[in-house]
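Trainee: One structure is given below, represented as structure tokens, and several questions about it will come after.
The values are calculated or read from the model by the stated rules, or taken from the named source; none is laboratory data. What you see is a predicted model; the values in this text were computed from it and never measured. Note that we place each Cβ from the backbone using ideal geometry, even for glycine, and neighbour counts take in every protein chain shown. Keep in mind that these areas ignore ligands, DNA and RNA; they rest on the heavy atoms of the full protein, side chains included. Shrake-Rupley method; radii C 1.70, N 1.55, O 1.52, S 1.80 Å.
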Amino acid sequence: MGFRKDFLWGGATAANQYEGGWQEGGRGPANTDVMTKGSKDQARGVTYVLPDGSEHLTRGVAVKDLPKGAEFKVLEGYTYPSHEAVDFYHHYKEDIALFAELGFKTYRMSISWPRIYPTGMEEEPNEEGLKFYDDVFDELHKYKIEPMVTLHHFEVPLALTNTWGAWADRRTIGCFIRFCRTVFERYKNKVKYWLTFNEINNIYFGFLSSGIPADDMNITMQAAHHQFVASAMAVKLGREINPDFRIGCMLAASRCTVYPATCNPLDIQKAWEQAGRQYFFTDVQCRGYYPSYQLKFMERNGIHIHMEDGDEEILKEGTVDFISLSYYRSMITSATPEKGSDPLLLGAINPYLKATEWGIAIDPLGFRITLHNLYDRYQLPLMIVENGIGAADEVGEDGVVHDDYRIDFFRSHIQAMKDAVELDGVDVMGYTSWGPIDIVSAGTGEMRKRYGFIYVDKDDENGGTLKRTKKDSFLWYKKVIASNGEDLD
Ligand code: P53
């Protein structure tokens with residue numbers, strides 16, 4: 001009973017939300033570097049210039065109806081949270097020592113693509129960028145922490161976005177595979193676990209997740225196809241370079257945890273359909289072909305994707321070794337629009353659940369249900385690579401954050417994961433909490449929305465000393481890891 005002996009406990013981050021050093025060591029700008037700060041009530045924007053020199057900010061990151069000749073650019077007078085983030089670039093030794101103190105077996109991180117290929121199009125990689133990750137991996141191994149690396153965590157060289165719309169264009173596959181070959185070869189003895197595309201089903205976010213400056217289903221689905229092909233090619237290539245690599249896909253599983261608002265079969269069908277819009281991504285990456293229901297859906301909705309000869313074969317040959325996933329919440333849906341049928345809207349409130357300050361439903365049982373579903377569907381090992389609660393922590397008079405709400409959240413979710421293992425027989429490889437140290441929020445760009453066991457002194461106006469302090473949850477999670485998930489008190 002209980003978790004595997006070699007269970008991979010740890011934490012997870014993404015370069016664009018953590019590293020900072022955006023112009024250091026020869027790094028080029030990314031799509032994430034032109035995204036401004038938003039808030040709970042106001043979406044982030046993206047800055048650009050027009051050929052006449054005028055400067056603009058989009059409303060929201062679903063970039064659409066852009067005037068001809070628009071070029072995304074960093075402009076004076078805006079706050080861009082990714083530029084400094086919380087400066088892992090200069091604090092990695094200190095932070096990794098804290099992860100080691102927590103007892104991490106693994107640390108999930110991403111490699112910033114434009115740190116290795118500044119525009120994405122160079123023939124040769126940037127040695128200084130490669131050296132930085134060598135140092136990070138060496139530091140992790142010093143403490144016997146196994147790195148788990150996401151190759152694409154929402155970050156694309158900005159030049160690829162400006163030149164051809166990033167993943168909307170097939171040429172991006174070639175640039176990405178060149179990047180993969182470089183890092184696979186360089187780190188083949190330092191990194192064993194790789195993830196291809198973070199939350200691939202969040203390609204629906206467009207610019208934020210994949211640097212695509214468009215909001216059009218035909219373009220999005222074509223871009224998704226390019227990512228499927230790129231992911232499968234990366235899996236094949238990785239296996240050639242080192243047969244011991246374990247390469248997984250990554251699904252935003254909250255989006256599959258869709259409950260019908262009532263027992264009306266119309267609502268049930270709606271929930272099933274919406275989950276299908278998400279599961280289809282893992283279907284392609286785990287089974288190696290598009291499922292029939294998705295092909296029919298695209299046909300019915302006039303979505304035509306162009307596949308090249310050989311694509312079907314690539315998808316078949318490049319299926320993943322395991323499934324990694326994020327889980328934050330469940331959602332509800334209804335066939336009656338006023339009850340909220342759009343899973344992206346936070347408006348549909350589940351009356352049986354409490355929510356976080358950011359309106360995220362807290363649903364540990366939904367976590368168990370989703371793990372069970374995913375394991376039934378694919379019979380592949382599951383790796384939970386994101387789970388956690390974003391909260392506006394207050395530093396107490398004693399200088400410490402007393403985050404019992406965070407401990408409650410993790411306790412209930414780790415218990416639910418344990419139930420999935422012990423009661424449903426799900427094969428879970430490991431668990432990494434999201435943002436074990438406070439980092440920039442992807443959705444809003446805020447610092448105020450904190451996930452960490454480690455507090456970082458930085459505010460939303462770019463102020464703060466960047467000093468790291470342990471919250472109450474730090475000792476709690478340390479104890480959980482030390483007991484391999486047995487002691488959740
Ligand atoms: P934040 C929502 C919006 C953007 C990214 O989210 C998201 C989600 C939730 O599915 O996905 C992941 O920071 C993502 C992380 C992100 C985390 O959720 O908006 O993989 O990069 O930080 C949490 O609170």
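Trainee: For the condition more than 19 Å from the chain's Cα centre (by Cα), touching a residue at least 40 places away in the same chain (Cβ under 8 Å) and open to solvent by less than 20 Å² (accessible area, probe 1.4 Å), what is the one hit in SER254, SER330, SER324, SER334?
Mentor: The match here is SER334.
Trainee: Return a yes/no flag: does the range 24-32 have any residue that is in contact with a Gly (Cβ under 6 Å, 6 or more places away or on another chain), open to solvent by 10 Å² or more (accessible area, probe 1.4 Å), of a type in the set (Asp, Glu) and assigned to a helix (DSSP H, G or I).
Mentor: No, because not a single residue in the range 24-32 is in contact with a Gly (Cβ under 6 Å, 6 or more places away or on another chain), open to solvent by 10 Å² or more (accessible area, probe 1.4 Å), of a type in the set (Asp, Glu) and assigned to a helix (DSSP H, G or I).
Trainee: Here is a follow-up. How about the range 365-417: which of its residues are within 26 Å of VAL149 (Cβ to Cβ) and either outside any helix (DSSP H, G or I) or free of Cβ contacts under 8 Å to residues at least 24 places away in the same chain (or both)?
Mentor: Listed by number, the residues that qualify are GLN379, LEU380, PRO381, LEU382, MET383, ILE384, VAL385, GLU386, ASN387, GLY388, ILE389, GLY390.
Trainee: Can you pull out the strands (runs of 3 or more DSSP E) entirely within the range 93-207 that have at least 1 residues that are charged (D, E, K, R)?
Mentor: Filter on the range 93-207 gives 106-110, 146-152.
Trainee: Looking at (1) of a type in the set (A, V, I, L, M); (2) modelled with pLDDT under 95; (3) open to solvent by 10 Å² or more (accessible area, probe 1.4 Å), which is the only condition ILE219 fails?
Mentor: All conditions pass for ILE219, except number (2).
Trainee: Of all residues in the range 33-52, which are away from the ligand (no atom under 13 Å from the Cβ) and not in a strand (DSSP E or B)?
Mentor: Selection gives ASP33, VAL34, THR36, ASP41, GLN42, GLY45, LEU50, PRO51, ASP52.
Trainee: Would you point out the residue of the range 166-188, among those that are of a type outside the set (A, V, I, L, M, F, W, C), open to solvent by 10 Å² or more (accessible area, probe 1.4 Å) and in contact (Cβ under 8 Å) with a residue 40 or more places away in the chain, that is nearest to LYS105 (Cα to Cα)?
Mentor: My answer is LYS188.
Trainee: Does ASP398 qualify as being of a type in the set (D, E, K, R), more than 16 Å from the ligand (Cβ to nearest atom), at pLDDT 95 or above and within 30 Å of MET1 (Cβ to Cβ)?
Mentor: No.
Trainee: Take the residues of the range 208-261 that are among the β-branched types (Val, Ile, Thr) and assigned to a helix (DSSP H, G or I): which is farthest from the ligand (Cβ to nearest atom)?
Mentor: Once the filter is applied, the top-ranked residue is ILE241.
Trainee: Inspect all residues belonging to the range 439-454 and state whether any of them is away from the ligand (no atom under 16 Å from the Cβ) and open to solvent by 10 Å² or more (accessible area, probe 1.4 Å).
Mentor: no
Trainee: Kindly indicate which of TYR193, TYR143 is closer than 19 Å to TYR18 by Cβ, aromatic (Phe, Trp, Tyr) and out of contact with any helix residue (DSSP H, G or I) (no Cβ under 7 Å at 6 or more places or on another chain).
Mentor: TYR193
Trainee: Could you run through the range 51-74 and say how many residues are of a type in the set (Val, Ile, Thr) and at pLDDT 85 or above?
Mentor: Residues in the range 51-74 being of a type in the set (Val, Ile, Thr) and at pLDDT 85 or above: 2 in total.
Trainee: Looking only at the range 424-438, which residues are part of a strand (DSSP E or B) and within 16 Å of the ligand (Cβ to nearest atom)?
Mentor: Those that are part of a strand (DSSP E or B) and within 16 Å of the ligand (Cβ to nearest atom): TYR431, THR432, SER433, TRP434, ILE437.
Trainee: Might you check whether a residue that is under 25 Å from ASP309 (Cβ atoms) and either out of contact with any Asp or Glu (no Cβ under 7 Å at 6 or more places or on another chain) or aliphatic (A, V, I, L, M) (or both) occurs anywhere in the range 127-138?
Mentor: No, there is no match, as no residue in the range 127-138 is under 25 Å from ASP309 (Cβ atoms) and either out of contact with any Asp or Glu (no Cβ under 7 Å at 6 or more places or on another chain) or aliphatic (A, V, I, L, M) (or both).
Trainee: List pairs: first in the range 429-447 and at positive phi, second open to solvent by 10 Å² or more (accessible area, probe 1.4 Å) and near the ligand (Cβ under 9 Å from one of its atoms), Cβ under 8 Å, 6+ apart or cross-chain?
Mentor: Hits for this filter: GLY435/TYR451.
Trainee: To continue, here is another question. Restricting attention to the range 196-219, which residues are out of contact with any Cys (no Cβ under 9 Å at 6 or more places or on another chain), polar (S, T, N, Q) and under 20 Å from ALA275 (Cα atoms)?
Mentor: Within the range 196-219, ASN198, ASN202, SER209, ASN218 qualify.
Trainee: Going by what's in this entry, would PRO81 be described as surrounded by 18 or more Cβ atoms within 10 Å (Cβ to Cβ), in contact with a helix residue (DSSP H, G or I) (Cβ under 9 Å, 6 or more places away or on another chain), within 24 Å of ILE219 (Cα to Cα) and of a type outside the set (Lys, Arg)?
Mentor: Spelling it out, it is not the case that PRO81 is surrounded by 18 or more Cβ atoms within 10 Å (Cβ to Cβ), in contact with a helix residue (DSSP H, G or I) (Cβ under 9 Å, 6 or more places away or on another chain), within 24 Å of ILE219 (Cα to Cα) and of a type outside the set (Lys, Arg).
Trainee: Exactly one of (1) at pLDDT 95 or above; (2) among the aromatic types (Phe, Trp, Tyr); (3) more than 16 Å from the ligand (Cβ to nearest atom); (4) part of a helix (DSSP H, G or I) is unmet by TYR279. Its number?
Mentor: Every condition holds for TYR279 apart from (3).
Trainee: Right, another one. Whether any residue in the range 459-476 is within 16 Å of the ligand (Cβ to nearest atom) and open to solvent by less than 20 Å² (accessible area, probe 1.4 Å) is what I want to check.
Mentor: No, that holds for no residue.
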